[in-house]
Amino acid sequence: MQEGSRKAVMTAFAANLGIAIAKFVAWSVTGAASMLAEAVHSMADTGNQALLLLGASRAERDPTPEHPFGYGRERYFWAFVVSMVLFTLGSLFAIYEGVEKLRHPHTLTSPEWAIGVLLLAIAFESYAFRTAVVEANRIRRGTWMQFVRRAKSPELPVILLEDLGALVGLLFALAGIGLALVTGNPRFDALGSLAIGLLLGAIAVILAIEMKSLLIGESVSPDRRDTIARAIEGTDSVRRIIHMRTLHLGPEEVLVCAKIDVDTGLGLSDVADVINAAEARIRAAVPGDIAIYVEPDVYVEPPPPA
């Protein structure tokens with residue numbers, strides 16, 4: 001895991017753990033449904049950050065005969081588990097609690113506790129979210145949506161969406177409790193819990209879709225692919241790339257497979273030198289851990305369409 005991602009995860013872990021404890025205390029005093037939903041949400045987020053750190057640790061293991069390309073995709077797997085935890089512990093529980101309190105309204109007691117804790121939580125979550133934004137901006141290209149969709153390192157997109165969801169969820173809880181106090185109708189508190197649940201469900205679905213795509217296997221970005229292609233085509237005696245495939249084995253690990261057309265008349269030793277030169281140019285052009293397999297061939301023009 002890159003240092004910026006680790007810093008964002010550790011900041012979010014510390015913030016969510018403290019916030020979760022404070023929310024549970026406030027819920028025990030007030031009985032607010034939205035406060036309980038937020039407390040469970042913060043506990044789920046704390047566990048999620050621990051899972052991201054676990055995935056990063058397991059991904060650093062050395063390759064084995066059973067896993068010759070290493071364990072880089074463990075980070076994708078645990079990020080996918082995070083989306084499931086967010087959905088089950090966060091979203092479904094908040095929706096259940098909201099429905100239950102709509103059916104059986106509960107009058108709030110000592111609401112000032114809930115409001116104070118929510119304001120404190122907003123301050124802490126804002127700091128954690130700002131940390132994630134600063135670290136993401138160091139590597140982000142394009143819009144935020146493009147960053148979430150295209151990032152190969154899962155930690156920062158997960159933390160960004162979690163922290164954003166936490167901030168919006170806190171505003172929902174604050175609005176629900178505030179309206180319940182102003183109107184005297186505790187069902188507004190229940191509606192706040194329902195809103196939190198639907199928000200977390202949407203975030204969990206987005207994360208699950210993105211992590212599933214990375215688990216199945218994604219190619220490198222178009223810019224990186226073009227860089228690799230230029231490196232190969234710029235090698236002496238390489239006439240063209242017949243076809244090339246790339247695959248992320250992990251956030252920083254890439255597999256490159258290419259079939260290239262080389263000059264005819266080269267001896268076996270010369271062809272080997274061409275392949276070695278192409279591999280060296282790829283490694284010089286693209287940083288990171290790269291596994292490269294290049295196969296020489298002779299290009300044959302495809303037959304004209306009938």
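Bear in mind that the values in this text are calculations on the coordinates, not laboratory data. Since we're looking at a predicted model, the values are computed, not measured. Because the Cβ atoms are built from the backbone with ideal geometry, glycine has one as well, and the counts that use them run over all protein chains shown.
Between 244, 211, 35, find the one with the highest GNM mean-square fluctuation for the chain; connect C-alpha pairs within less than 10 Å.
Highest fluctuation among the options: 244.
Report ³J(HN,Hα) in whole Hz for each residue of segment 138-144, in order, from the Karplus equation J = 6.51 cos²θ - 1.76 cosθ + 1.60 where θ = phi - 60°; Gly and Pro get x.
Those phi angles translate into 5, 10, 6, 10, x, 6, 5 Hz.
Using 0.36 nm per residue, how much length does the chain from residue 298 to residue 141 gain when fully extended, once their Cα-Cα distance is taken away?
Between residue 298 and residue 141, full extension yields an extra 52.7 nm.
Residue 107 label point, 7 Å along Cα→Cβ, cut-off 12 Å on backbone N: hits in segment 164-195?
184-186
For segment 271-292 and segment 131-170, what is the centre-to-centre distance using only Cα atoms, to the nearest Å?
32 Å
Given springs between every Cα pair under 10 Å in a Gaussian network model of the chain, which of 232, 203, 139 has the largest fluctuation?
Top of the fluctuation ranking is 139.
Per residue of segment 174-187, what does 6.51 cos²θ - 1.76 cosθ + 1.60 with θ = phi - 60° give for ³J(HN,Hα)? Whole Hz please, x for Gly and Pro, Karplus curve as stated.
5, 5, x, 5, x, 5, 4, 5, 5, 8, x, 10, x, 5
Sorting check: for 287-299, 49-61, 6-18, which peptide has the highest mean count of neighbouring beta carbons within 10 Å, and how do the rest follow?
6-18, 49-61, 287-299
Pairs on different chains or at least eight residues apart, Cα atoms closer than 27 Å: how many lysine pairs in the chain fit?
6
Hey, what do the phi angles of segment 282-297 turn into as Karplus ³J(HN,Hα) couplings, whole Hz, using 6.51/-1.76/1.60 and θ = phi - 60°, x for Gly and Pro?
5, 5, 6, 8, 10, x, x, 8, 10, 9, 10, 10, 10, 10, x, 7
Treating the angle as unsigned and between 0 and 90°, give the value, to the nearest 10°, between the Cα long axis of helix 111-137 and the longest Cα principal axis of the chain.
10 degrees
Based solely on its DSSP helices, what 222 nm [θ] is calculated for the chain when runs of n ≥ 4 H residues each add -39,500 (n - 2.57) and the sum is averaged over all residues, nearest 500 deg cm²/dmol? The partial results should precede the final answer.
On the way: 10 runs with 201 residues, N = 306.
Counting only the DSSP helices, I get -22500 deg cm²/dmol.
To the nearest µm²/s, what D does Stokes-Einstein give for the chain at 25 °C and 0.890 mPa s, using the Kirkwood radius over alpha carbon pairs as Rh?
112 µm²/s
Please report the base-10 log of the normalised intensity I(q)/I(0) for segment 1-51, using a Debye sum with one equal scatterer per alpha carbon and no solvent, at each q in 0.26 (1/Å).
Values returned for q = 0.26 Å⁻¹ are -0.86.
Quick check on the exposure proxy: order 101, 23 from fewest to most C-beta atoms within 10 angstrom.
101, 23
Restricted to Cα positions, what overall size does segment 79-238 have along the principal axes? Three whole-Å values, descending.
81, 28, 19
Take the Cα atoms of segment 222-297, build their convex hull, and give its volume per residue in Å³.
75 Å³
What is the fewest-to-most order of 188, 93 by other Cβ atoms lying within 10 Å of their Cβ? It would help to have the intermediate numbers written out before the result.
Values: 188 19, 93 22.
Starting with the residue having the fewest Cβ neighbours, the order is 188, 93.
For segment 167-219, what does the equivalent ellipsoid look like in terms of its semi-axes, each the square root of 5 times an eigenvalue of the Cα gyration tensor, given largest first in whole Å?
Result for segment 167-219: semi-axes of 35, 8, 4 Å.
Within a 10 angstrom radius of the beta carbon, how do 62, 163, 273, 226 rank from fewest other beta carbons to most?
Details: 62 7, 163 25, 273 15, 226 11.
Taking fewest neighbouring Cβ atoms as first place, the list is 62, 226, 273, 163.
For the chain, what does the relative contact order come out to in percent, with C-alpha contacts under 8 Å and a separation of six or more?
20 percent
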